[in-house]
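Notes to accompany the following structure.
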There are 2 protein chains.
Amino acid sequence: MGKSLTAIRQEIRENKWTGPTAGLATGYTQANLVILPKAQAYDFLLFCQRNPKPCPLLEVTDAGSPVPKLTAPGADLRYDVPKYRIYRHGELVEEVTDLQSYWQDDFVSFLIGCSFTFEHALMDNGLKIRHIEEERNVPMYITNIACEPAGVFHGNMVVSMRPFQAQNVVRAVEVTSRFPSVHGSPVHIGQPKQIGIEDVSKPDFGDAVTVKDGETPVFWACGVTPQSIAMSSKPELMITHAPGCMFITDMKDSQYSVL
Amino acid sequence: MGKSLTAIRQEIRENKWTGPTAGLATGYTQANLVILPKAQAYDFLLFCQRNPKPCPLLEVTDAGSPVPKLTAPGADLRYDVPKYRIYRHGELVEEVTDLQSYWQDDFVSFLIGCSFTFEHALMDNGLKIRHIEEERNVPMYITNIACEPAGVFHGNMVVSMRPFQAQNVVRAVEVTSRFPSVHGSPVHIGQPKQIGIEDVSKPDFGDAVTVKDGETPVFWACGVTPQSIAMSSKPELMITHAPGCMFITDMKDSQYSVL
């Protein structure tokens, strides 16, 4: 039996767990994290509203409060993520395991839905996820699909790819359509060149996975998009989770299904 | 055959049509409108993010631009709503048919999903909508359900009510669940007292409708909520559409279905 959410959060809080969260606290919804000063928060909130597939917002905190009171009222975003990345003017300057010395009274935290949620739903429906089978990170690609710009934030969508046999593609669409607040249905099926991906075996982030004969690559909008966008927009200060080291909420994945 | 969207929008723009929009441009998505100066826009955007059932955002314009470039790029929100209401400090001070003399360079417009969209879907599924049969406005009630506050905006949810025979209640849930960006599934079924409604025959807004023997009242979060909230929060200046006189977008209702 796995550890309880409370136990896992405590280990993360005490920096006893500083690694990836995949597979931890099964059933609980994990989230991408973006922290920005209030001065940039309106533009970023508007960016997320205009781009709900790559940037599905689970919660936006009150300025200055590290507590996600709607999705994890007992948590503290300064400590409860295993590893954070500090970006200044779009450049990664440091990785840290808590934000004690970085926290500002004007910080707004954005919790953004993560593909782990719909991957669990896909597996519950009997579909196998290749990168999980091969114990790799999901392959991700910067596409030629422009996000809708908002204020200072602009750039192209990042997608993740999962290959399926043709007969499973339809079910993958159906299952993920039920989760619009965690990326929802795919943004593209097959034909990677049409969205600017020259070679699916050379992802921009994550690892390549095997695409077998007769399989179709299926592409979903990816939660790395907001980080990629924010980085290219070079805000003075931005903090995110480190890749794979997500925030674990109190919500259950199934609560994000609309049907 | 009904008039085209282009023709209808032109009549509205020229103040030849200044009345309700129900039944106009069938199939095109109609929207509630809230306009606020940029200084209040962050709090209101956050309020909508936290309360997606009453305040499902279809689009938020760039500050100063009257053009909803994503949902109706050829439209102008200063002219293309039949009738507007001007509120100062939460009080209705004037109704006007265009915003020429009111427009400010810092105005942000919020287009919020409207129940017309899911009513069309319900009717396409063979369900009859009582207030449409009785040619009345939908009955609406202020509930005891607190919205999640955000900045200066706080208050209770407004719901609309449609009665259905028991065997149709399930289908009504299924059909509207597919439209999370236009209020989505009901927030309450039966038991009006539990949400603070003492008498369904006495709505706070709109008209009472017949509830027949054996029918269950079904309650959906209502697009009047943001106006009600904004009014109770008394911002210095807020502009909305007049009740029933919606903005008609270029989008088709079916495009807002997730499945």
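The values are calculated or read from the model by the stated rules, or taken from the named source; none is laboratory data. Computed from a predicted model, the values in this text were never measured in an experiment. Methodologically, a virtual Cβ is constructed for each residue, glycine included, from the backbone with ideal geometry; neighbour enumeration extends over all protein chains shown.
Listed by first and then second residue, the pairs linking a residue in segment B:159-174 that is in contact (Cβ under 8 Å) with a residue 40 or more places away in the chain to a residue that is surrounded by fewer than 16 Cβ atoms within 10 Å (Cβ to Cβ) and small (G, A, S), with Cβ atoms under 9 Å apart and 6 or more places separating them unless they lie on different chains, are B:Q165/B:G214; B:A166/B:G214; B:N168/B:G126; B:V169/B:G190; B:R171/B:G126.
Can you find a residue in segment A:189-206 that is surrounded by 15 or more Cβ atoms within 10 Å (Cβ to Cβ), in the same structural domain as A:G151 (by TED's automatic domain parsing) and farther than 21 Å from A:I145 by Cβ? No, every residue in segment A:189-206 fails to be surrounded by 15 or more Cβ atoms within 10 Å (Cβ to Cβ), in the same structural domain as A:G151 (by TED's automatic domain parsing) and farther than 21 Å from A:I145 by Cβ.
Filtering segment B:124-142 to residues that are hydrophobic (A, V, I, L, M, F, W, C) and either outside any helix (DSSP H, G or I) or modelled with pLDDT of 95 or more (or both) leaves B:L127, B:I129, B:V138, B:M140, B:I142. Here A:L92 meets each of (1) outside any loop (DSSP other than H, G, I, E, B); (2) over 26 Å from A:N137 (Cα atoms) with one exception, condition (2). Select from segment A:29-42 the residues that are more than 14 Å from the chain's Cα centre (by Cα) and crowded, with 19+ Cβ neighbours inside 10 Å and write down the one among them that is farthest from A:Y102 (Cα to Cα). The qualifying residue farthest from A:Y102 (Cα to Cα) is A:Y42. Being more than 30 Å from B:A39 (Cβ to Cβ), of a type in the set (S, T, Y) and in contact with a Gly (Cβ under 7 Å, 6 or more places away or on another chain) holds for only one residue in B:T176, B:T117, and it is B:T176. For first residues located in segment B:2-18 and at pLDDT 95 or above, partners that are in a helix (DSSP H, G or I) and among the acidic types (D, E) and lie 6+ apart or on another chain with Cβ distances below 9 Å form the pairs B:W17/B:E11.
Flag: B:L111 does not match the condition of being over 18 Å from B:A230 (Cβ atoms) and touching a residue at least 40 places away in the same chain (Cβ under 8 Å). One residue alone among A:P68, A:P52 is part of a loop (DSSP other than H, G, I, E, B) and touching a Pro at 6+ places or on another chain (Cβ under 8 Å), and that residue is A:P52. The set of residues in segment A:91-108 being more than 23 Å from B:Y42 (Cβ to Cβ), in contact (Cβ under 8 Å) with a residue 40 or more places away in the chain and in contact with a strand residue (DSSP E or B) (Cβ under 6 Å, 6 or more places away or on another chain) consists of A:E95 alone. Tallying residues that are among the small types (G, A, S), within 12 Å of another protein chain (Cβ to nearest Cβ) and outside any loop (DSSP other than H, G, I, E, B) within segment A:170-185 yields 2. Would you call B:A150 within 14 Å of chain A (Cβ to nearest Cβ) and modelled with pLDDT of 95 or more? For B:A150, the condition - within 14 Å of chain A (Cβ to nearest Cβ) and modelled with pLDDT of 95 or more - is met. Checking each residue in segment A:66-90 for being without any contact (Cβ under 8 Å) to a residue 24 or more places away in the chain and within 16 Å of A:L36 (Cα to Cα) picks out only A:V67. Total residues in segment A:41-100 satisfying the condition of being small (G, A, S) and more than 14 Å from every other protein chain (Cβ to nearest Cβ): the figure is 4. Report yes if some residue within segment B:193-202 is under 21 Å from the mean Cα position of the chain (by Cα), touching a residue at least 60 places away in the same chain (Cβ under 8 Å), on the phi < 0 side of the Ramachandran plot and in a loop (DSSP other than H, G, I, E, B); otherwise report no. Taking every residue of segment B:193-202 in turn, at least one turns out to be under 21 Å from the mean Cα position of the chain (by Cα), touching a residue at least 60 places away in the same chain (Cβ under 8 Å), on the phi < 0 side of the Ramachandran plot and in a loop (DSSP other than H, G, I, E, B). Of the numbered criteria (1) part of a strand (DSSP E or B); (2) buried (at least 22 other Cβ atoms within 10 Å of the Cβ), the one B:I145 fails is (2).
Output yes when any residue across segment A:187-201 is hydroxyl-bearing (S, T, Y), out of contact with any helix residue (DSSP H, G or I) (no Cβ under 6 Å at 6 or more places or on another chain) and under 20 Å from B:L259 (Cα atoms), and no when none is. Within segment A:187-201, none of the residues are hydroxyl-bearing (S, T, Y), out of contact with any helix residue (DSSP H, G or I) (no Cβ under 6 Å at 6 or more places or on another chain) and under 20 Å from B:L259 (Cα atoms).
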